[in-house]
């Protein structure tokens, strides 16, 4: 695939290994599952050469890129049923795409390194399972950069923009509300305030959207929604890789897990 610029996404990936626990959640993940399952249709039938997942669950002093041809699993959650520590999402990696990511970042003056041991964390496999349940599309992961600077992550996205015309789908995997100490009714007001600001910001022209993202800490309930912003920063990369394109809300719930407002977005 060449010449067709794929969109980019910021996906709210849900909690833990939820795609393997649907019978225990009583429909609470139905809307998120449906939104993820719809992504192949949104791509117009185009099958990506690979997916680059910018995961909220990996940080490094300089960006790291997973380069194993057969990534293992990382069960980075606690308190779930025993079987969820044995699940497999057996998508291959892509050393060639990993090397291309490193090349593009280096060309923009951003030092990045390959990591041949890194496996899939739940921000990757829980988001990708509903999109590609056959696990037959190669996946490369990209870490966040320590410091979590919005401008740096937008710049990372801009550097990676050529991948869109090379058949690589860029996905930022995080959560639009992530305060685990108030993950329920106690966080409802903050999540709704912040999510309303976020959706309004995504609807603005790209330059205004970027200005808002750079100043996200001034948003209503910003720090109540993100005491630490690692689950928001993948959005900056997705925007940066499509910074001249319009954005659209592709998933929104007002009562996620009973009371929270959460959203996902497509750029381009």
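Every read-out reported here was derived from the displayed coordinates using simple, explicitly stated rules and does not represent laboratory data. These figures come from a predicted structure and were not determined experimentally. Cβ atoms come from the backbone with ideal geometry, glycine included; neighbour counts cover every protein chain shown.
Residue check: is residue 263 assigned to a strand (DSSP E or B), in contact with a strand residue (DSSP E or B) (Cβ under 9 Å, 6 or more places away or on another chain) and in contact (Cβ under 8 Å) with a residue 40 or more places away in the chain?
yes
Report the residue count in segment 32-41 for those that are surrounded by 15 or more Cβ atoms within 10 Å (Cβ to Cβ) and touching a strand residue (DSSP E or B) at 6+ places or on another chain (Cβ under 9 Å).
Looking only at that region, the number is 4.
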